[in-house]
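> I'd like to ask some things about the structure below.
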Amino acid sequence: MTKTTITITQPDDWHLHLRDGEALNSVAPFTARQFARAIIMPNLNPPVTTVVRAVEYLDQILAAVDGSDFEPLMTLYLTDNTPASEVIAARKSCFIKGLKLYPAGATTNSDAGVTDIRNCDAALEEMQKSGLPLLIHGETTDPQVDVFDREKVFIDKTLQPLTQRFPELKIVFEHITTREAADFVLQSGDNVAATITPQHLLFNRNALFQNGLQPHNYCLPVLKRDIHQHALLEVIRSGNNKFFLGTDSAPHAKNKKEGACGCAGIFSAHAAIEIYATIFEQQDALDKLEAFASFNGPDFYGLPRNNKTITLNKEDWTIPDEYPLGDETLVPFLAGQTVCWKLSETI
Ligand code: DOR
Ligand code: ZN
């Protein structure tokens, strides 16, 4: 019998961009309405490189979700110069849950990122010792490498050697997009896990070019061939506990997405859990949704699973064409399309 309602432990989003200023106030409530916690990406301008900056940012986020009990899980932005002492301070802070590696130039606000991972050895040594995870944007920045091969080349040239030099380091391979990435995680030890976004499950690279250029389906890592999409779908159907929910919801104003040089990033926080539920149902894997969304992430990070539950009802609703983003607007993922699960308003 097909289900018309599902109740699961409240989920968390293990990869989220909230921005700052007015944009933060516009987008944060969408996440707080469904998720108990979220890993907050530090790629602001300037980036969140220190514990002191992370406290300020945490306060801004808490103000933006005032009235909810949403808990932001903060991260620091790793640079060539992050000292071991900052890792120790992060560990002691208790609210910082990881450091994010952006290869310099790989994506939005990554200019201050890492130019050579060997420059980070002191920080990585300390992270390995203290169990603080490294969250990785896994793409090579070599401009000679085809954009569709950048994740695979990163695995071979950077990630594989890194895991050999730091065999105990906890790693979250963020927003994986390829069969090679899924295989790498499956073949690694329990200290290596991955997040998967809704767009990389729902779409392949055809979605970038269907009926003309589709800037709102453009993110980094870019959508790949269907064989890679199918590998990710196979992973979620398998229920393997190394993979968990991370939306990579990344708001950009409509004019920045649709301009001559469109920004990378897809905003999905408005309907994230509903979209994942729709995908899992399409895969005949609704029974695997709760572990993916609510168990595997906290288990990997060594955090308690949430106590509350959420309920989703089988109900068609249409995603709006736009939402406000400060005094600009935002085009959400799947704008104008119908989703068949709806979050019940009460938690
Ligand atoms: O598409 C993306 N957008 N990928 C990233 O890695 C960063 C993000 C953003 O911050 O806009
Ligand atoms: Zn991201």
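> Working with all protein chains in place, sort 314, 224, 92 by solvent-accessible area computed with a 1.4 Å probe, largest first.
Largest accessible area first, the list is 92, 314, 224.
> With all protein chains present and a 1.4 Å probe, how do 323, 218 order by accessible area, largest first? Before the final figure, lay out the partial values.
Numbers: 323 35, 218 75 Å².
Result of the area sort, largest leading: 218, 323.
> So if I place +1 on the C-beta of Lys and Arg and -1 on the C-beta of Asp and Glu, and nothing else carries charge, what would the dipole magnitude of the range 5-343 be about its Cα centre? I want it in debye, nearest 20.
Values: 29 positive and 43 negative charges, 77 e Å.
Dipole about the Cα centre, nearest 20: 360 debye.
> Something else: Considering only 110, 130, 294, give the residue with the highest GNM mean-square fluctuation for the chain, with springs between Cα atoms whenever their separation is below 10 Å.
130
> Quick one, what does Rg over Rh come out to for the range 1-119 if you take C-alpha atoms and the Kirkwood Rh? Provide the component values of the computation, followed by the final result.
Details: Rg = 16.0 Å, Rh = 15.3 Å.
That ratio equals 1.04.
> Under a 10 Å cutoff between Cα atoms, tell me which one of 236, 88, 171 has the largest fluctuation in the Gaussian network model of the chain.
88
> Please turn the phi angles of the range 58-74 into ³J(HN,Hα) values with the Karplus equation 6.51 cos²θ - 1.76 cosθ + 1.60 (θ = phi - 60°), one per residue in order, whole Hz, x for glycine and proline.
4, 4, 5, 5, 4, 5, 6, 10, 3, x, 10, 9, 4, 10, x, 9, 8
> Round to the nearest 0.05 the FRET efficiency obtained for residue 7 and residue 157 when R0 = 45 Å and r is the Cβ-Cβ distance.
On the way: r = 45 Å, r/R0 = 0.99.
Once the sixth-power term is evaluated, E becomes 0.50.
> Can you give me the distance in nm between label points at residue 130 and residue 299, each placed 7 Å from the Cα along the Cα-to-Cβ direction?
Going by the 7 Å Cα→Cβ label model, 2.7 nm.
> Given the options 36, 18, 54, identify the residue whose Cα lies farthest towards the positive end of the charge dipole of the range 1-153 (+1 on Cβ of Lys, Arg; -1 on Cβ of Asp, Glu).
36
> Mean residue ellipticity at 222 nm from the helices of the chain, using -39,500 (n - 2.57) per DSSP H segment of n ≥ 4 over the full residue count, to the nearest 500 deg cm²/dmol?
Details: 12 runs with 106 residues, N = 347.
For the chain, the value works out to -8500 deg cm²/dmol.
> Would you mind checking which residues have amide H under 5 Å from residue 197's amide H? H placed 1.01 Å from N; only 5 or more apart, or other chain.
So residue 197 has HN proximity to 176.
> Using a cut-off of under 20 Å, list every residue of the range 55-96 whose amide N is near the label point 7 Å from the Cα of residue 145 along the Cα-to-beta-carbon line.
Under cut-off, by backbone N: 78-80.
> Compute the projected area of the convex hull of the Cα atoms of the range 115-219, averaged over all viewing directions, and report it in nm² to one decimal place. Present the calculation step by step, with values, prior to reporting the outcome.
On the way: hull surface 29.9 nm².
With every direction weighted equally, the projected area is 7.5 nm².
> Ok, one more. In debye, nearest 20: dipole of the range 23-95 around its Cα centre with unit charges on the Cβ of K, R (+) and D, E (-)? Could you put the intermediate results ahead of the total?
Values: 5 positive and 7 negative charges, 30 e Å.
Here the range 23-95 has a charge dipole of around 140 debye.
> Kirkwood Rh over Cα pairs of the range 52-169 into Stokes-Einstein at 10 °C, 1.306 mPa s: D in µm²/s?
Details: Rh = 15.4 Å.
My calculation gives 103 µm²/s for D.
> Next question, about the same structure. Could you calculate, for the chain, the ratio of the Cα radius of gyration to the Kirkwood radius, expressed as Rg to Rh?
Values: Rg = 18.7 Å, Rh = 20.1 Å.
My calculation of the ratio gives 0.93.
> Can you classify the range 6-48 as rounded, prolate or oblate using the Cα gyration tensor, where a ≥ b ≥ c are the square roots of its eigenvalues, rounded means a/c under 1.5, and otherwise it's prolate if a/b beats b/c and oblate if not? Please report the intermediate quantities before stating the final value.
On the way: a/c = 4.71, a/b = 1.89, b/c = 2.48.
Because a/c hits 1.5 or more and a/b fails to exceed b/c, the range 6-48 counts as oblate.
> Using a 1.4 Å probe on the protein chains only, how many percent of the accessible area of the range 55-161 belongs to carbon and sulfur?
47
> Pairs to check: 224/288; 100/157; 170/342. Give those whose C-alpha atoms are more than 28 Å from each other in this structure. Numbers along the way, then the final one.
Values: 224/288 24 Å; 100/157 18 Å; 170/342 35 Å.
Too far apart for the 28 Å limit: 170/342.
> Here's another thing I want to ask about it. If you wrap the range 115-169's Cα atoms in a convex hull and average its projection over all directions, what's the area in nm²?
Values: hull surface 15.1 nm².
Its average projected convex-hull area is 3.8 nm².
> Taking every eigenvalue of the Cα gyration tensor of the range 228-304, multiplying by 5 and rooting it, what semi-axes result, largest first, whole Å?
Values: eigenvalues 150, 47, 27 Å².
That gives 27, 15, 12 Å for the three semi-axes.
> Post the alpha-carbon centroid distance, the range 60-87 to the range 310-335, in whole angstrom.
Using only Cα atoms to place each centre, the spacing works out to 26 Å.
> Per residue, what accessible area does the chain have, given a 1.4 Å probe and all protein chains present, in Å²?
Numbers: 14220 Å² over 347 residues.
In whole numbers, the chain has 41 Å² accessible per residue.
> Counting only the backbone N, which residues of the range 161-176 are under 12 Å from the spot 7 Å out from the Cα of residue 225 toward its beta-carbon?
none
> At a probe size of 1.4 Å, how large is the accessible area of residue 146, to the nearest 10 Å²?
Spelled out: residue 146, probe radius 1.4 Å, area about 80 Å².
> With label points built 7 Å along Cα→Cβ from the Cα atoms of residue 345 and residue 316, find their separation and express it in nm.
2.3
> Of the chain, which part is the longest with no GluC sites (Glu not before Pro) in a loop (DSSP not H, G, I, E, B) and with at most 14 other C-beta atoms within 10 angstrom? Write out the running numbers ahead of the final one.
Details: sites that count: 168, 322, 345.
Result, exposed sites excluded: 1-167.
> Nearest-5 percent of antiparallel DSSP beta bridges in the chain?
Values: 13 of 38 bridges.
Roughly 35 percent of the beta bridges in the chain run antiparallel, per DSSP.
> Just want to confirm a number: the relative contact order over the range 5-343, from Cα pairs under 8 angstrom separated by 6+ residues, in percent.
On the way: 699 pairs, mean separation 64.6, N = 339.
So the answer I get is 19 percent.
The values are calculated or read from the model by the stated rules, or taken from the named source; none is laboratory data. Because the structure is predicted, anything quoted here is derived from the model rather than measured. Neighbour counts are summed over all protein chains in view; Cβ atoms, including those assigned to glycine, are modelled from backbone coordinates with ideal geometry. What goes into the accessible areas is simple: the full protein's heavy atoms, side chains included, and nothing from ligands, DNA or RNA. Shrake-Rupley method; radii C 1.70, N 1.55, O 1.52, S 1.80 Å.
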